[in-house]
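Working notes, beginning with the structure itself.
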């Protein structure tokens, strides 16, 4: 097999998955067909399925198939639906116990803003959805697998000055967003899929299990069973929201490692929209006007604005929120991506300190939408300064395995989907990495009508962005 054949085999991905996934931590079912899609931010957020590959010439050593390292997920107190005050207090204590002090989030905010600008740009009139938090977790795991300048580039992008600092920050971010209590679902999960003929460093796999909650499975790369196990794992962690995309994920016999991270978020609106108030209305899409169902709701809300946008928030029932940014007339969402003020607002965790805000009666008109996109991350990551990991002559994966040169990241696809209706929001995303305004409100009441392209942002308990996207066409 020549190097070109090896590369082609490595960058290909197909239709089945691993039996080891059956031993993954079982958690409460989060979504069922025919059930409520509405209050769901299904965050199949970034399945970073990173395939790591080996150039011809590297030696492979045999290893037993099975579970190499097992992550332990938090057990959370379930939300009480009755009138028991003590049970409610116990639940709330559990929620608070899961939170972490994130300290200065400026480096995180900078990564979220820079990466969103990069990956949301170039939509060219199409919908685009991106999960900053999931990409962050995936890249942090890649940093743990790498060394030297390869790792240094990842640390610089993620805003950490050492691997120790990044591990702690990533663990705090993970815990501050993880919820699985029957009231709000925000489940982050990670896994590694290892070639059974390669000897991996057990210490690195143990660190990934402990600090990144990533289980490691080893098996026959390229086999139908191994592929199906990986696909099943992705579908289980993301509520089946990206089943078609997950079905395209395959490993090749020459794949060394696949890295997967997911986020699944599901929540009801704090105040649901009445279906009786939903009515068809024109949405002014780039390709021409289209009729779609708009949800309507009026009430006292915070109303925010900048020089080129206005914004409102729709809260979820027990944590998190969804922000809607409406560009001013004549301003496109893409223009807001390069507007410093708009990006500061979108990616500042504490938006409630924003100077330009008023508490008004806001008449919301929000289209129901189901938007999805899929795109390649590699060019964007290179633009953000991540280059060595893609170069087999420069990449450094020595923390992952010894005695191999020429390992590199060859593929990084990202797919995401967000759905909202009267009850709530459903969102999902995955990434496959293959390693082989205006001046101010006029009155005490304002109409906020999202009848032209706009930006949204879904946040979790921590206020950090789980999903951001551009809606150019809601249908």
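The values are calculated or read from the model by the stated rules, or taken from the named source; none is laboratory data. A quick note: this is a predicted structure, and the numbers were derived from the prediction, not measured. Cβ atoms come from the backbone with ideal geometry, glycine included; neighbour counts cover every protein chain shown.
I want to confirm something. Restricting to region 167-217 and keeping residues that are at pLDDT 95 or above, in contact with a helix residue (DSSP H, G or I) (Cβ under 9 Å, 6 or more places away or on another chain) and under 16 Å from residue 398 (Cα atoms), which single residue is surrounded by the fewest Cβ atoms within 10 Å (Cβ to Cβ)?
207
If you check 327, 392, 280, which single one turns out to be closer than 30 Å to residue 408 by Cβ and touching a strand residue (DSSP E or B) at 6+ places or on another chain (Cβ under 6 Å)? Quick ask: steps written out before the conclusion?
Working: 327 fails: closer than 30 Å to residue 408 by Cβ; 280 fails: closer than 30 Å to residue 408 by Cβ.
Sole residue among the options that is closer than 30 Å to residue 408 by Cβ and touching a strand residue (DSSP E or B) at 6+ places or on another chain (Cβ under 6 Å): 392.
Answer yes or no as to whether residue 375 is at pLDDT below 90, closer than 27 Å to residue 242 by Cβ and buried (at least 20 other Cβ atoms within 10 Å of the Cβ). Steps first, please.
Values: at pLDDT below 90: yes; closer than 27 Å to residue 242 by Cβ: yes; buried (at least 20 other Cβ atoms within 10 Å of the Cβ): yes.
Taking the combined requirement at face value, the residue satisfies it.
Looking at 69, 47, 39, which one is at pLDDT 90 or above, touching a strand residue (DSSP E or B) at 6+ places or on another chain (Cβ under 6 Å) and in the same structural domain as residue 215 (by TED's automatic domain parsing)?
Answer to the selection: 69.
Please work out which residue is surrounded by the fewest Cβ atoms within 10 Å (Cβ to Cβ), limiting yourself to region 118-148 and to residues that are farther than 20 Å from residue 108 by Cβ and in contact with a helix residue (DSSP H, G or I) (Cβ under 6 Å, 6 or more places away or on another chain).
121
When you scan region 218-231, do you find a residue that is in a helix (DSSP H, G or I) and within 20 Å of the chain's Cα centre (by Cα), even just one? First the steps, then the outcome.
Start the filter on region 218-231 by keeping residues that are in a helix (DSSP H, G or I), which leaves 224-231.
From the residues that got through so far, the ones that are within 20 Å of the chain's Cα centre (by Cα) too are 230-231.
Within region 218-231, one or more residues are in a helix (DSSP H, G or I) and within 20 Å of the chain's Cα centre (by Cα).
Would region 77-93 turn up any residue that is within 21 Å of the chain's Cα centre (by Cα) and either under 27 Å from residue 377 (Cβ atoms) or at pLDDT 85 or above (or both)? Give the steps one after another, and end with the answer.
Kept after step one, since they are within 21 Å of the chain's Cα centre (by Cα), are these residues of region 77-93: none.
Taking every residue of region 77-93 in turn, none turns out to be within 21 Å of the chain's Cα centre (by Cα) and either under 27 Å from residue 377 (Cβ atoms) or at pLDDT 85 or above (or both).
For region 270-321, name all the residues that are under 30 Å from residue 77 (Cα atoms) and surrounded by fewer than 16 Cβ atoms within 10 Å (Cβ to Cβ).
Result: 270, 271, 315.
With respect to residue 239, is the statement that it is more than 30 Å from residue 355 (Cα to Cα), surrounded by 24 or more Cβ atoms within 10 Å (Cβ to Cβ) and at pLDDT below 90 true?
In short, yes.
Can you go through 209, 183 and tell me which one is in contact with a strand residue (DSSP E or B) (Cβ under 9 Å, 6 or more places away or on another chain), under 30 Å from residue 427 (Cβ atoms) and assigned to a loop (DSSP other than H, G, I, E, B)?
Of 209, 183, the one residue that is in contact with a strand residue (DSSP E or B) (Cβ under 9 Å, 6 or more places away or on another chain), under 30 Å from residue 427 (Cβ atoms) and assigned to a loop (DSSP other than H, G, I, E, B) is 183.
Among the residues of region 431-448 satisfying the criterion of being assigned to a strand (DSSP E or B) and modelled with pLDDT of 75 or more, which is surrounded by the fewest Cβ atoms within 10 Å (Cβ to Cβ)?
Step one: of region 431-448, the residues assigned to a strand (DSSP E or B) are 431-435, 445-448.
Still in the running and modelled with pLDDT of 75 or more: 445-448.
On the way: 445: 13, 446: 19, 447: 10, 448: 19.
Here the residue is 447.
Inside region 82-99, can you point out the residues that are out of contact with any helix residue (DSSP H, G or I) (no Cβ under 8 Å at 6 or more places or on another chain) and surrounded by 10 or more Cβ atoms within 10 Å (Cβ to Cβ)?
Initially, region 82-99 is screened for residues out of contact with any helix residue (DSSP H, G or I) (no Cβ under 8 Å at 6 or more places or on another chain), giving 82-97.
84, 87, 88, 89, 90, 91, 92, 93, 94, 95, 97 - these are the residues of region 82-99 that are out of contact with any helix residue (DSSP H, G or I) (no Cβ under 8 Å at 6 or more places or on another chain) and surrounded by 10 or more Cβ atoms within 10 Å (Cβ to Cβ).
Quick check on this structure: which one of 451, 413, 461 is surrounded by 18 or more Cβ atoms within 10 Å (Cβ to Cβ), under 15 Å from the mean Cα position of the chain (by Cα) and assigned to a loop (DSSP other than H, G, I, E, B)?
Checking each option against the conditions leaves just 461.
Among the strands (runs of 3 or more DSSP E) confined wholly to region 251-335, which include 3 or more residues that are closer than 30 Å to residue 193 by Cα and out of contact with any helix residue (DSSP H, G or I) (no Cβ under 7 Å at 6 or more places or on another chain)?
The qualifying strands (runs of 3 or more DSSP E) are 255-268.
Scan region 109-141 residue by residue and report those that are farther than 17 Å from residue 429 by Cβ and assigned to a helix (DSSP H, G or I).
Applying the first criterion (farther than 17 Å from residue 429 by Cβ) to region 109-141 yields 109-110, 113-114, 117, 121-122, 124-125.
Hits for region 109-141 are 109, 110, 113, 114, 117.
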